[in-house]
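Nothing in this text is a laboratory measurement; each read-out follows from the coordinates by a stated rule. Treat the numbers as computed from the prediction; the structure is a model and nothing was measured. Glycine also receives a Cβ, built like all others from the backbone with ideal geometry; neighbour counts cover every protein chain displayed.
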Amino acid sequence: MQVYSPEFTWNGGFAVSQKQKNITALHAAHRKRFPEGIILEISSKSLQEAGVKLSAFNLNKYVPELEASIPVACVFQGGKIFAV
């Protein structure tokens, strides 16, 4: 496994456009180092349709106890146990 921290300009803010600017900048930095690589951003803010569809907010898990399908992100958050 190889770990590295790419250098890119961060665009602060909570707007989708700001998040997408960061995704684009991060991918550009990665392509400089690995030009042969193929990138799939799996995120609800992805610029790629497949990436949006595969995000934890768009993938559903059937929960028998609820008799319903709910987003994986909610299953994850709901599975947290907090201690005092």
Taking the residues in the range 13-31 that are free of Cβ contacts under 8 Å to residues at least 12 places away in the same chain and part of a helix (DSSP H, G or I) as candidates, determine which candidate is nearest to residue 3 (Cα to Cα). 31
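With respect to residue 38, is the statement that it is in a loop (DSSP other than H, G, I, E, B), without any contact (Cβ under 8 Å) to a residue 12 or more places away in the chain, more than 17 Å from the chain's Cα centre (by Cα) and loosely packed, with under 14 Cβ neighbours inside 10 Å true?
The answer is no for residue 38.
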Across (1) surrounded by 10 or more Cβ atoms within 10 Å (Cβ to Cβ); (2) over 13 Å from the mean Cα position of the chain (by Cα), residue 67 clears everything bar (1)
How many residues does the range 48-64 hold that are surrounded by fewer than 14 Cβ atoms within 10 Å (Cβ to Cβ), out of contact with any helix residue (DSSP H, G or I) (no Cβ under 9 Å at 6 or more places or on another chain) and not acidic (Asp, Glu)? 4
One residue is enough: does the range 45-55 have a residue meeting the conditions more than 27 Å from residue 77 (Cα to Cα), outside any loop (DSSP other than H, G, I, E, B) and touching a Ser or Thr at 6+ places or on another chain (Cβ under 8 Å)? no
Taking the options 45, 32, name whichever one is basic (Lys, Arg) and surrounded by 14 or more Cβ atoms within 10 Å (Cβ to Cβ). 45
